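Inspection log for the structure reproduced underneath, given as structure tokens.
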Amino acid sequence: MTLLQIMPEDAPETVQLRTSDLDVIHKELIKIGVRFERWHATHRLPAGADDARVMKAYRSHIDRISAEGGYRLVDIARMSPAPADPEWPERARAAREKFLAEHFHDEDEVRFFVEGAGCFYLHAGGKVHAMVCTAGDLLAVPSRTVHWFDMGRSPSFTAIRFFQEEDGWIGRFLPDSIASRFPTLDDLLAPA
């Protein structure tokens, strides 16, 4: 379920807005300069479709976003549970922890979720906008926007990523991150 939860930066326990209404989400995110769209594949994709099939299914969207933003590089990032692999829990933990602290990038962070879910926490205007993205969601976070990302305790997603430069994904981390005070992706999705 696509979800936006907004909290004051100094009061993570206070929920100012919690909604899955896509129109409301779009209106709230545009206020902080973040682009949100819903995409549909040109044809139905099977679960776990390979990179070539994913790119083909979303080609018109990819070409449009690439042209609009000057993105020269497009790739696919995947995190898929591998319960039979004894190293999976450690790989999943390390991947999750990599972006759990506040950071920013020197170029836009543009992600489209093909499968699964992840949460971008956007720290802007004295608030934290926790944006849970699921299959069909495109999120474009402007360069230098402070944020963090949580893929959950059991990461599972496929996302198309857009870059202007090869090192565009490198994060510049803040020394005094507030991220650990806010609900995790798992907390946000837990039944009430």
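The values are calculated or read from the model by the stated rules, or taken from the named source; none is laboratory data. Please read all numbers here as calculations on a predicted model, not as lab measurements. Positions of Cβ are backbone-derived with ideal geometry, glycine not excepted, and every protein chain shown enters the neighbour counts. For accessibility, only protein heavy atoms count, side chains too; no ligands or nucleic acids. Shrake-Rupley method; radii C 1.70, N 1.55, O 1.52, S 1.80 Å.
Some observations on this one:
- Single residue of Glu13, Glu28 found to be at negative phi and free of Cβ contacts under 8 Å to residues at least 60 places away in the same chain: Glu13
- Verdict on Ala101 being in contact with a helix residue (DSSP H, G or I) (Cβ under 8 Å, 6 or more places away or on another chain) and either open to solvent by 10 Å² or more (accessible area, probe 1.4 Å) or touching a residue at least 24 places away in the same chain (Cβ under 8 Å) (or both): yes
- Positions within the stretch 154-178 being among the polar types (S, T, N, Q) and open to solvent by less than 50 Å² (accessible area, probe 1.4 Å), in sequence order: Thr158, Ser177
- Taken over the stretch 109-148, residues that are in contact with a helix residue (DSSP H, G or I) (Cβ under 6 Å, 6 or more places away or on another chain) and open to solvent by 10 Å² or more (accessible area, probe 1.4 Å) amount to 1.
- Here Ala94 fits the description: exposed (fewer than 11 other Cβ atoms within 10 Å of the Cβ), within 18 Å of the chain's Cα centre (by Cα) and without any contact (Cβ under 8 Å) to a residue 60 or more places away in the chain.
- With respect to the conditions (1) at negative phi; (2) within 13 Å of the chain's Cα centre (by Cα), Gly152 falls short on a single one, namely (1).
- Per-region count, the stretch 38-91, residues within 19 Å of the chain's Cα centre (by Cα) and more than 19 Å from Gly116 (Cβ to Cβ): 5
- Taking the stretch 7-52 as the range and being at pLDDT 95 or above, exposed (fewer than 15 other Cβ atoms within 10 Å of the Cβ) and either part of a helix (DSSP H, G or I) or hydrophobic (A, V, I, L, M, F, W, C) (or both) as the test, the residues that pass are Ala11, Val15, Leu17, Asp23, Val24, Lys27, Ile30, Asp51, Ala52.
- The one condition from (1) open to solvent by 20 Å² or more (accessible area, probe 1.4 Å); (2) in contact (Cβ under 8 Å) with a residue 24 or more places away in the chain that Phe182 does not meet is (1).
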